[in-house]
Structures are given as C-alpha cells and as structure tokens.
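**Student:** Have a look at this one before I ask anything.
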Amino acid sequence: MSEKPIVIEAIINGKKIKTEKQEPRENPAHPSEIVGYAPVNTREETIQAIDAAYDAFPSWAQTPVKDRVLRMRKAIQKIKDNIPDLSKLLSREHGKALYDAEGEFAVSLMWMEFACDNVEEVLKDEIQEHDGGKTIIARDAIGVVSAITPWNYPISLSTIKIAPALLTGNTMVLKPSPLAPLTVSKVAELIADEFPPGVLNLVHGEADVGVELTSNEKVSKIAFTGGTNTAKHIMKAASDTIKHMTLELGGNDAALVLEDIDVNDERAMRRMVISNFLTAGQICMIAKRIYVHRAIYDQFVEKYIEAANKWIRVGDPFDKNTTIGPVNNKKQMDYVQSLVDDAASKGAKVVKLGTVLIDEQTFKEGYYMQPTLVLGADYDSPIVVEEQFGPTVPILPFDNDEHALDLANGSIYGLTSSVWGEEEHCLKIARRVQAGTTMINTAAVQGLDVRFPFGGVKQSGMGREYGKEGLLTYTETHVINNPKMKELPYIPE
Ligand code: NAD
C-alpha cells in the first residue's frame, strides 16, 4: 500500500520550521518504500527550541491547572478523531501490526486521561498546622524538560512524558527517534496546537541534537527512554548543570516458571508466548529469558512450542491474521540474528516458531524474522545476558527456587519480570525479584496498568513513569514554612 511520502517539520515556538536537511523513513515491510521525511535539526535550531520553552515557562507555570487540563483534553479528542489514520502511519513507518499500533494509541490515551483526571489532586498543597504554626508543602513545576524517546513505542513513550510535564506546568522540547519519527510528530503537532507557543516544541536529529538537549543550562529536567549506554552519555552531559532525570532504560526481563505451573493451561501458555513476541519482541518490558524448573522443563518446552505455533503468525502488518510484523530496522534484525547464530555455533538448538503468512520474496525483502526459541544455550552466553530486543528467546532450566532467583537477579538490569505457577508460591518468589515490576502469571504489556508506577532498578533506570508518581516526577517539592516560633530559643542574644 504505497502512498505519497509525508514531510514532517520541526515545531519551535508554535511555528513549523522547514529544515535544510531531511532524513527518509522507510517502511520495514517494504524498505524500498519511503513513508516520509523527518527533519534533521541543527544544534542552533535545538537552542532556539530550548529558548522558546524557557521563555514560555514562567507564564505556563502560573496558568491554572484547570486550564491546562482543558487544553490537554482537547488534544486528546483530536488524537482520538485521527486514530485510524495515525495507526496506519505508525504501522507503516514502524513495522508493527496494525492492531498493535491501535493498541499503542489506546494505552497512550488511557494514560493521558489518567493524567488529566489526577493532576489536580497531585498538585494540591499539603497543609500542616502544628503548634500554632503552619507549613505548606507545595508542588512546583520544574522548568524546561527535554524529552528524548526511542523507536519501539514512539507514541506511548512520548505521551507518557508530554502529558504529565505540561499538566504540571512545565514546558518541553521533544526529540523522537529517527527510526519512527513521523506519527509521533503528527501527535505532537496536534497537542502543541492546543497550547500556547513554546510550551511544546519538537526537534529531530541524532546525537548532536541530543547533546544540546541534555547539556543546555536552560534545561532543568531530562525525561529519557532508550538504551542504557545512551543514558550513560546523557548522565555525563547533564552533570555540569545537575539536571533532574527520569531514565527508562534497557531490560533483560526474566520469566520464572515454577514447578507448580499448569502447563496444560492454554490461556497461560498463550499469555507467555505473547509476552515474548508482541511487537516482534521489541518491547523493553517483555520476557527476554525464560527459566523453567528442571522437573517440568521438557513438558513445558513442548507446550510452549505448541502454543507459539498456534498464536504466532508473521505477516504483512495490515493483514488481519498477522500477529507479528517485521523488525523495525536492519541493524536490529542483524543484531538479533547474530545472537541466535552465536548460540547455535556453540551448540544451542534453535527452534523456529509460528507460521509465515507472506511469500518468500516479500519476507526476504522486508526486515522479517521468524521467531525462534533457543534451547541449551550457556547461562552466560550473549543471548541470555544481553537484551536481544527482537523475536527470539532462550529457555533454560533451574534446579530450585533459590537457583531461579539467583539467575533472575544475576543481571545488570531490573526492569520487569514475571513468575508463573501457583499464586501463593509466585507471590513469595516475586517479593525477592529485583525489578521495578513483577507480574504473576502474566507478563509484559498484558500486566501493564497506567494507574501504577512503572520503571526499572539497577541499570534499567531511575525514577518512575505512569501512576501518580509519573505526575509527581515533573514537580519540585517546595516547603513554605510559617512557624509560630520565629527565632531559635537557644541562640544567645
Ligand atoms: P537509543 O538509546 O539508541 O535511542 C533513544 C533516543 O536517544 C533516540 O531518540 C536517539 O536519537 C537518542 N540519542 C542517541 N544518542 C544520544 C545522545 N548522545 N544524547 C541524547 N540522545 C541521544 O534507544 P533505541 O534503540 O531507540 O531504543 C531501544 C532501547 O530503549 C532498548 O534498550 C529498550 O529496552 C529501551 N526502552 C526502554 C523502555 C523503558 O520504559 N524502560 C521503553 C522502551 C524502550
């Protein structure tokens, strides 16, 4: 379904800016098709966007919260009105199946509405009267926020930042990933139009734009989602001016399958398979290594393959029968394949999963990968210890609960995790897993709830998004103290 490429422009101080340089975005299902062009902004343009956000901040921070909410609700309605076209565009530039793109919009809107519904309560002063004195604990906006987002969930990972930042009185410069820049720009445009000039600005580009956004002294907070290595550069760039930070980073989520799981529970096996391969495995919070009790290992693997063959259908993102489209880009596809090849070269068994709904030539032309299961890999092999971020998963046995916990926690990451089996047993184990979220008998987006805080421990990040914490993280605590006793009694006159 080839269509005329769209052209995106940067938004600085309420105006669309034409750039000298533009970068094409291909369709991962048909890489010869250009879906659109995104700007490559210069460092000077990035500074202009930061200046606009900085100048807009004082008056925006003083705008009543009711007015902010009203504007955000209008933006939400405009996004809703455009979902069919926006989802199609997202699917074409990203490669994710159309239902998956629609699902991303559904979650994004759920969150934006939650943020609108809860911001007034979150920002309410806490007033404490004591010994005749009075203390107000207020929540102030922070200032200019640089939001830097990745390609895998461009809409939800941008709106997860835009909505709380703007609602709590901050201004923003958003920089999406060049690997899925088009739809998120359309969404940002719809939102920016509802707000005063400079409140939401949009720039595009790579590292030099990123460096300006993370080091400029007028930026007070960085909200970043992306790889752990990129975050290390960002922390260094931000250190000179001590910025607030929310970092949502990589993960290598473990799924622990306990001895008492019912492997004949077809729905549980379906949830497990989907939690490994949704969006072709390109989700931060997806099970990326499965550890299974040795007593049920063979039986589990057999049932897993059966479920995967039933539920995984690789095909054109617009085909209604497709559950998994292509991988987003060639570099990622080659990386995932290299991990599988490495494991195979060291003696692991690679099992292909699911069915392929497209012909061989279309498969080869696009960045398609047939999902695989890797059995018998070494516990410390790259496919197990690194974040594959693609449609492959290793399954390894464990001997007892302590062994399972050692394996799960023996990682530099700790984003999400899941425990599968009898509920009480799962709960006991879950408490000891080092992760921001641990799900019971489900995993990944199936267990995601925008009402609760989300984020990682260890090198999976710091801070939380979603839930009330996801709003509070865009505020500074400001104590206004009016004590009864104004002077300390023990200081000599
Ligand atoms: P990435 O780190 O390569 O890029 C993320 C963003 O950072 C992009 O916009 C990129 O242009 C920008 N960037 C690159 N260099 C920069 C620099 N020096 N300074 C500032 N910005 C810079 O990540 P990616 O490949 O786009 O995304 C995949 C990664 O994101 C995976 O590791 C995945 O686990 C992680 N992720 C985490 C979460 C979470 O919530 N924890 C969610 C989704 C994705």
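**Student:** Just grab the label-to-label distance for Y335 and R432, each label 7 Å out from Cα along the Cβ direction, in nm (one decimal).
**Tutor:** 3.3 nm
**Student:** Apply 1/(1 + (r/R0)^6) to the Cβ-Cβ distance of Q62 and M485, taking R0 = 30 Å, and write down the FRET efficiency to the nearest 0.05.
**Tutor:** Numbers: r = 32 Å, r/R0 = 1.08.
The calculated FRET efficiency here is 0.40.
**Student:** Next question. Mind checking which lysines have their Cα closer than 28 Å to the Cα of K74? Skip sequence neighbours fewer than 8 apart in that chain.
**Tutor:** Qualifying lysines at Cα under 28 Å: K15, K16, K18, K66, K88, K96, K124, K161, K175, K186, K221, K468.
**Student:** Could I ask something else about it? Could you compute Rg(Cα) / (2.2 N^0.38 Å) for the range 159-279, with N its residue count? Write out the running numbers ahead of the final one.
**Tutor:** Numbers: Rg = 19.1 Å, N = 121, 2.2 N^0.38 = 13.6 Å.
This ratio for the range 159-279 stands at 1.40.
**Student:** What is the range 253-447 by shape, rounded, prolate or oblate, if you read a ≥ b ≥ c off the alpha carbon gyration tensor as root eigenvalues and call it rounded for a/c under 1.5, prolate for a/b larger than b/c, and oblate otherwise? Before the final figure, lay out each step's value.
**Tutor:** Numbers: a/c = 1.74, a/b = 1.50, b/c = 1.16.
It is prolate, given that a/c is not under 1.5 and a/b is the larger ratio.
**Student:** Helix hunt in the chain: which complete DSSP H runs extend at least 18 Å axially by C-alpha with mean Kyte-Doolittle at least 0.0?
**Tutor:** 98-123, 154-167
**Student:** Here's something else I'd like to know. Can you compute the modelled spin-label distance between V351 and K21, with each label point 7 Å from Cα toward Cβ, in nm?
**Tutor:** 4.8 nm
**Student:** Return the equivalent ellipsoid semi-axes of the range 418-471 as a descending list in whole Å, where each equals the square root of 5 times an eigenvalue of the C-alpha gyration tensor.
**Tutor:** Equivalent ellipsoid of the range 418-471: 21, 13, 9 Å, largest first.
**Student:** Lys and Arg at +1, Asp and Glu at -1: add these up for the other residues within a Cβ distance under 12 Å of V301 and post the number. If you can, show how the numbers build up before the last one.
**Tutor:** On the way: positive: R294, K303, K349; negative: D298, E302, E306.
Neighbour charge sum, excluding V301 itself: 0.
**Student:** Using the Cα atoms as the points, what is the convex hull volume per residue of the range 351-473 in Å³?
**Tutor:** Values: hull volume 19.3 nm³, N = 123.
Output value, Cα hull per residue: 157 Å³.
**Student:** Rounded to the nearest 5, what is the percent of antiparallel bridges among the DSSP beta bridges in the range 253-447?
**Tutor:** On the way: 4 of 26 bridges.
Rounded to the nearest five, the antiparallel share is 15 percent.
**Student:** Just to check, using Stokes-Einstein with a Kirkwood Rh over alpha carbon pairs, what's the diffusion coefficient of the range 244-358 at 37 °C and 0.692 mPa s in µm²/s? It would help to have the intermediate numbers written out before the result.
**Tutor:** Numbers: Rh = 15.8 Å.
Taking Rh from Cα pairs, D becomes 208 µm²/s.
**Student:** Using the Cα centre as the reference, give the magnitude of the dipole from point charges on the C-beta atoms of the range 306-440 (Lys, Arg: +1; Asp, Glu: -1; all else neutral), rounded to the nearest 20 debye. Don't skip to the end; give the middle numbers.
**Tutor:** On the way: 12 positive and 20 negative charges, 65 e Å.
Value, rounded to 20: 320 debye.
**Student:** Further question on the same structure: With charges set only on the Cβ (+1 for Lys and Arg, -1 for Asp and Glu), what does the dipole of the chain come to about its Cα centre, in debye to the nearest 20? Each step should come with its number before you reach the end.
**Tutor:** Details: 53 positive and 69 negative charges, 159 e Å.
About 760 debye.
**Student:** A follow-up question, please. Using the per-residue mean of other Cβ atoms lying within 10 Å as a proxy for protection, in what order, highest first, do the peptides 320-326, 175-181 fall? Display every interim value, and only then the final one.
**Tutor:** Values: 320-326: 21.3, 175-181: 24.0.
Per-residue Cβ counts within 10 Å, averaged per peptide and sorted highest first, yield 175-181, 320-326.
**Student:** From the Cα gyration tensor of the chain, with a ≥ b ≥ c the square roots of its eigenvalues, which class applies: rounded if a/c is under 1.5, or else prolate if a/b is larger than b/c, or else oblate?
**Tutor:** On the way: a/c = 2.07, a/b = 1.32, b/c = 1.56.
Verdict is oblate for the chain.
**Student:** Choose one of A29, Y413, T392: the residue whose Cα lies farthest towards the positive end of the charge dipole of the chain (beta-carbon charges +1 Lys, Arg; -1 Asp, Glu; about the Cα centre).
**Tutor:** A29
**Student:** Quick check: pseudo-label points 7 Å beyond the Cα along Cα→Cβ at E3 and M462, how many nm apart are they?
**Tutor:** For E3 paired with M462, the spin-label model returns 4.2 nm.
**Student:** Net charge around G467, counting only other residues with Cβ within less than 15 Å of its Cβ (Lys, Arg = +1; Asp, Glu = -1)?
**Tutor:** Working: positive: K161, R451, R464, K468; negative: E113, D117, E121, E248, D449, E465, E469.
Counting the neighbours of G467, the net charge comes to -3.
**Student:** Could you calculate the FRET efficiency of D81 with R270 from 1/(1 + (r/R0)^6), where r is the beta carbon distance between them and R0 is 30 Å, rounded to 0.05?
**Tutor:** Working: r = 33 Å, r/R0 = 1.11.
Step by step, r from the Cβ atoms, then E = 0.35.
**Student:** Right, another one. For K486, go through the lysines and keep the ones whose alpha-carbon is under 22 Å away, minus same-chain ones fewer than eight residues off.
**Tutor:** Output for K486: K134.
**Student:** Here's a follow-up. Determine the relative contact order of the chain: mean sequence separation of Cα pairs under 8 Å and six or more apart, normalised by residue count, in whole percent. Present the calculation step by step, with values, prior to reporting the outcome.
**Tutor:** Details: 1126 pairs, mean separation 91.4, N = 493.
Value for the chain: 19 percent.
No value in this document is a laboratory result; all are computed from the given coordinates. Nothing here was measured: the structure is a model prediction, and the numbers come from that model. Don't worry about glycine lacking a Cβ; one is built from the backbone with ideal geometry, like all the others, and counts go over all protein chains shown.
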